[in-house]
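Right, one structure below, let's go through it.
Only the coordinates and a few stated rules stand behind these numbers; no lab work does. Being a predicted model, the structure only gives us computed values, none of them experimental. Cβ sites come from the backbone with ideal geometry, for glycine too, and all protein chains shown count toward neighbours.
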Amino acid sequence: MREVIGWPIRVWLALFTLGFAAVLSIGVALSDEMLLIAFSITAIAIFILGYRSRLVITATQEELRVGRAKIESKYIDSVEILDQEAMKFERGPGIDPRAFLAIRFWVKSGVKLKINDSRDPTPYWLISTDKPAELKEVLKKI
């Protein structure tokens, strides 16, 4: 299973609006050519930021990769599917500061993976995903 979570349209629009408003407010003192260059640099920077901040989840029966982090499935005790309310609680008052977080505020569902590794102090991974049931099935944990 592979899932790529990128920015929704509303985040793209907000960043382009804020970025271009900032360039325009500063750029009124610049020449037209410099203003065009500033707009171009801002657009390129936003596209790069959007690409680099994607959350890539790759799961097999042997391991799970979330961004640059990876864990072998033998260290995953359980997989708990979280709906919108449970995810909101886990991201807020129910959070453990030692947990590994791979969350995106615009994704309403997720999974909580309880970790069983004596060498790792991380109690669980909290991951935003639009496909929690598929992820649980791939990891073969009930």
Label selected from [x] 131; [y] 102; [z] 221, the criterion being volume of the Cα convex hull per residue in Å³ as computed here: [x]
Percentage relative contact order, the chain, counting C-alpha pairs under 8 Å, at least six apart: 23 percent
The range 3-25 and the range 40-56: distance between their alpha carbon centers, rounded to Å: 9 Å
Prolate/oblate/rounded call for the range 30-83, Cα gyration tensor, a/c under 1.5 rounded: prolate
Order of V23, V4 under a 10 Å beta carbon neighbour criterion, fewest first: V4, V23
DSSP H segments from the chain that extend 24 Å or more along their own axis, Cα-based, with Kyte-Doolittle mean of 0.5 or above: 9-27, 32-52
Potential lengthening between R98 and E85 on full extension [0.36 nm per residue; Cα-Cα distance subtracted]: 2.5 nm
Separation in nanometres of the label points that stand 7 Å from Cα toward Cβ, at I9 and T122: 3.5 nm
Pairwise FRET efficiency - I48 versus K140, Cβ, R0 = 30 Å, nearest 0.05: 0.20
Ascending count of other beta-carbon atoms within 10 Å, so fewest first, for M34, M87: M34, M87
Fewest-first sequence of S118, S128, S78 by Cβ atoms within 10 Å of each Cβ: S118, S78, S128
